[in-house]
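Worksheet: the structure to be examined is printed underneath.
The values are calculated or read from the model by the stated rules, or taken from the named source; none is laboratory data. No experiment lies behind these values; they were computed from the predicted model shown. Glycine also receives a Cβ, built like all others from the backbone with ideal geometry; neighbour counts cover every protein chain displayed.
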Amino acid sequence: MKSSPSEQKYLRQSYLRQRYLQQPVFRRGKGLHSGLEYGLSIEPSDGPLSLCLEGGEALPLSRFSLEGGGRGSDLIFPDESPFARKRVRTCEHVLSALAGMGVWRAKLTVSGTEAGSPGFLEMPGLDGCAEGLAREILEKSAPVGDASVRGSPVREKAELAPFRPAFPVHSGGVAFADPSRTEPSQTGTPRTDPPRFAVALPSPFFHVTCVIDYAAAPIGTRIFEYGGGPEDYLEEIAPARTFVMREDIEALRSAGLALGGSLDSAVVVDAAGTETAGGLRFPDEFVRHKVLDLLGDLACLGRPLAAHVIAVRAGHAQHLQLTEKLRSVLGGA
Ligand SMILES: [Zn+2]
């Protein structure tokens, strides 16, 4: 049977094509939440994606605990590490840029102070999106196995085998079997708190279907499908900025969050519309940013994923619950 053009796009499995870094990439800037200055170096490595603090030994991402709140994803060093329980906040945009470019072998080092909350560090804010970092990663990397690039040898070992779950894996708290939700649906009463979930279905290639559903009209209900390679990521996903409800800003700031955000790095939304430097970059910038976040959160698996991931009204918590379930399935495989 002949495949349709969109099937052909996915069948190229472009998201699963890998690249390796040829030169280090450096970033310095304010954390989106702490507002404090942090440094990040991303260096070529033969090992899987790993993270350390300055002067320490890097550990694979798969060994970190994950914690996702409404405002970002934290990687927490394991107890056996010299950095036990220290956490690096807001990792999702950096990891999304790496995953979007197909770079799965690199060592990340974060430097900066723990001022604010002890044990808390943060990734530099990257202007609320992944565009600049992803572009630099692309420029400083080459396709795995491409011997023609600057005379570099074929490095087959740089290819990291994708994880292909053989059965559906879903985030905790999925509503399908939640008894507390059966009564309203039986009586036909509208749900006041609609379910949020993320599920990974077996698939020979990678793609995501992301659904957001916000009461605020400028965001609304949107769906976005993505499964492309580096060029697609740079065009469709990387420029989409983080967003915040105007009514939440005061509460976030008094909780010590969003202190590094500005109208350059975020879209502020209220009933009247949106406010941001230069206007929206896409009419559906919000759902595209959600895809950006999801790709970064799934990268905490530490290797590429060959699956169809469906995320409905999901946030970092559901994304990371799915990643943890995938890790446990992978661990037992
Ligand atoms: Zn984000």
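Taking segment 211-235, which residues are in a strand (DSSP E or B), more than 16 Å from the ligand (Cβ to nearest atom) and closer than 19 Å to residue 14 by Cα?
Passing the criteria: only 225.
Counting only residues that are surrounded by fewer than 20 Cβ atoms within 10 Å (Cβ to Cβ), among the basic types (Lys, Arg) and under 15 Å from residue 198 (Cα atoms), how many does segment 276-326 have?
Summing the residues that are surrounded by fewer than 20 Cβ atoms within 10 Å (Cβ to Cβ), among the basic types (Lys, Arg) and under 15 Å from residue 198 (Cα atoms) in segment 276-326 gives 2.
If a residue must be part of a loop (DSSP other than H, G, I, E, B), out of contact with any helix residue (DSSP H, G or I) (no Cβ under 6 Å at 6 or more places or on another chain) and surrounded by 13 or more Cβ atoms within 10 Å (Cβ to Cβ), how many such residues does segment 249-262 contain?
6
For segment 72-110, what are the residues that are more than 16 Å from the ligand (Cβ to nearest atom), over 14 Å from residue 49 (Cα atoms), not in a loop (DSSP other than H, G, I, E, B) and not basic (Lys, Arg)?
Selection gives 76 alone.
For residues that are away from the ligand (no atom under 15 Å from the Cβ) and either acidic (Asp, Glu) or part of a loop (DSSP other than H, G, I, E, B) (or both), scanning just segment 265-275, find the one that is surrounded by the fewest Cβ atoms within 10 Å (Cβ to Cβ).
By that ranking, first place goes to 272.
Kindly establish whether residue 34 is assigned to a loop (DSSP other than H, G, I, E, B), over 22 Å from residue 99 (Cβ atoms) and in contact (Cβ under 8 Å) with a residue 40 or more places away in the chain.
yes
Look at residue 113 and say whether it is at pLDDT 90 or above, among the hydroxyl-bearing types (Ser, Thr, Tyr) and under 28 Å from residue 67 (Cα atoms).
So residue 113 does not fit the description; no.
With respect to residue 69, determine if the residue is within 16 Å of the ligand (Cβ to nearest atom), surrounded by fewer than 21 Cβ atoms within 10 Å (Cβ to Cβ) and either within 16 Å of the chain's Cα centre (by Cα) or at pLDDT 95 or above (or both).
Against the criterion (within 16 Å of the ligand (Cβ to nearest atom), surrounded by fewer than 21 Cβ atoms within 10 Å (Cβ to Cβ) and either within 16 Å of the chain's Cα centre (by Cα) or at pLDDT 95 or above (or both)), residue 69 qualifies.
List every residue pair whose Cβ atoms sit under 8 Å apart, with the two residues 6 or more apart in sequence or on different chains, where the first one lies in segment 236-248 and is within 13 Å of the ligand (Cβ to nearest atom) and in a helix (DSSP H, G or I) and the second, anywhere, is of a type in the set (Val, Ile, Thr) and at pLDDT 95 or above.
These pairs meet every condition: 237/291.
Restrict the check to segment 32-46 and report whether at least one residue is farther than 22 Å from residue 239 by Cα, touching a Pro at 6+ places or on another chain (Cβ under 8 Å) and polar (S, T, N, Q).
No: segment 32-46 contains no residue that is farther than 22 Å from residue 239 by Cα, touching a Pro at 6+ places or on another chain (Cβ under 8 Å) and polar (S, T, N, Q).
Across segment 116-156, which residue is modelled with the highest pLDDT among those that are outside any helix (DSSP H, G or I), surrounded by fewer than 17 Cβ atoms within 10 Å (Cβ to Cβ) and hydrophobic (A, V, I, L, M, F, W, C)?
Only one residue tops the list, namely 147.
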